[in-house]
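Trainee: The structure's right below; bear with me while I get my questions together.
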Amino acid sequence: TGRGQIIGITAEAGMGKSRLVAEIIRLTHERQLVGYGGECSSFGTNISYLVWQPIWFSFFGLDPAQELSDQMQELARQLELLNPALTPRLPLLGAVLNLSIPDNDLTRTFDAKLRKTSLESLLVDCLRARARQTPLLIVLEDCHWLDPMSHDLLEVIGRAISDLPVLLVLAYRPPE
């Protein structure tokens, strides 16, 4: 229907969350949703955006083995394709991709709070642009180990997808 959905799968370890997620991925591929996924790690609870890194690398078509300059060129190309007005905010993507992208005249003046909200806004804008082209699936596994910055981004994206054809699937253990 073009409306965003969030599915939370919660169960104790070993109860089949990952198997259920795999079946959701299979079914959504049959329906031609483009999918992106990331997995939290127990050691990553203090590493900002760790679960989102593979998602955004794939979203922007980046190869982690490439040189930074090639990755930056591809990011610029992808932003230009999505919406040319997004390109000046490219340096903000360094935080979510764990890349050392130098600031430009626009981003150099941003304080930490503005940098975070601008990054979140940029990612939502990119998601909106891509979701207008094709329905999307985003899977985050082991969310019980989600770092605070990833949690904040998840909340922002969760709110933003209400009018987008995006399925957000979260798998996690029950809260203690």
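The values are calculated or read from the model by the stated rules, or taken from the named source; none is laboratory data. Owing to the predicted nature of the structure, the values given are computational and were not obtained by experimental measurement. Note: ideal-geometry Cβ built from the backbone for every residue, glycine included; neighbour counts use all protein chains shown. When the accessible area is computed, the model is the full protein with side chains, heavy atoms only, and any ligands, DNA or RNA have been set aside. Shrake-Rupley method; radii C 1.70, N 1.55, O 1.52, S 1.80 Å.
Trainee: Condition first: over 20 Å from I47 (Cα atoms) and open to solvent by 90 Å² or more (accessible area, probe 1.4 Å). Now tell me which residues in the range 98-110 satisfy that.
Mentor: D105, R108, T109
Trainee: Read through the list (1) outside any helix (DSSP H, G or I); (2) modelled with pLDDT of 95 or more, then give the number of the only condition that D70 fails.
Mentor: All conditions pass for D70, except number (1).
Trainee: Sort out which residues of the range 15-35 are part of a helix (DSSP H, G or I), open to solvent by less than 50 Å² (accessible area, probe 1.4 Å) and touching a residue at least 12 places away in the same chain (Cβ under 8 Å), and write them in order of number.
Mentor: Result: K17, V21, I24, T28.
Trainee: Which of the residues spanning the range 74-109 are farther than 15 Å from W56 by Cα and without any contact (Cβ under 8 Å) to a residue 12 or more places away in the chain?
Mentor: E80, L81, P84, A85, T87, P102, D105, R108, T109
Trainee: Follow-up question, since we're still on this one. When the residues of the range 42-60 are filtered to those that are in contact with a helix residue (DSSP H, G or I) (Cβ under 6 Å, 6 or more places away or on another chain) and either among the small types (G, A, S) or free of Cβ contacts under 8 Å to residues at least 12 places away in the same chain (or both), which remaining residue is farthest from Y172 (Cα to Cα)?
Mentor: Checking each candidate, the answer is S48.
Trainee: On the given criteria, is R130 in a helix (DSSP H, G or I) and surrounded by 13 or more Cβ atoms within 10 Å (Cβ to Cβ)?
Mentor: On the way: in a helix (DSSP H, G or I): yes; surrounded by 13 or more Cβ atoms within 10 Å (Cβ to Cβ): yes.
Criteria met by R130.
Trainee: Checking E141 against (1) closer than 13 Å to G38 by Cα; (2) open to solvent by less than 10 Å² (accessible area, probe 1.4 Å); (3) in contact with a Gly (Cβ under 8 Å, 6 or more places away or on another chain), only one condition comes out false. Which one?
Mentor: (2)
Trainee: From the list G38, G4, G94, which residue is over 30 Å from D105 (Cα atoms), at pLDDT 90 or above, of a type outside the set (V, I, T) and open to solvent by less than 40 Å² (accessible area, probe 1.4 Å)?
Mentor: On the way: G38 fails: at pLDDT 90 or above; G94 fails: over 30 Å from D105 (Cα atoms).
Checking each option against the conditions leaves just G4.
Trainee: I would also like to ask the following. Output the number of residues of the range 41-62 satisfying the condition of being among the small types (G, A, S) and either open to solvent by 60 Å² or more (accessible area, probe 1.4 Å) or assigned to a strand (DSSP E or B) (or both).
Mentor: Residues of the range 41-62 that are among the small types (G, A, S), as a first pass: 41-42, 44, 48, 58, 61.
Narrowing the set further to residues that are either open to solvent by 60 Å² or more (accessible area, probe 1.4 Å) or assigned to a strand (DSSP E or B) (or both) leaves 42, 58.
So the answer is 2.
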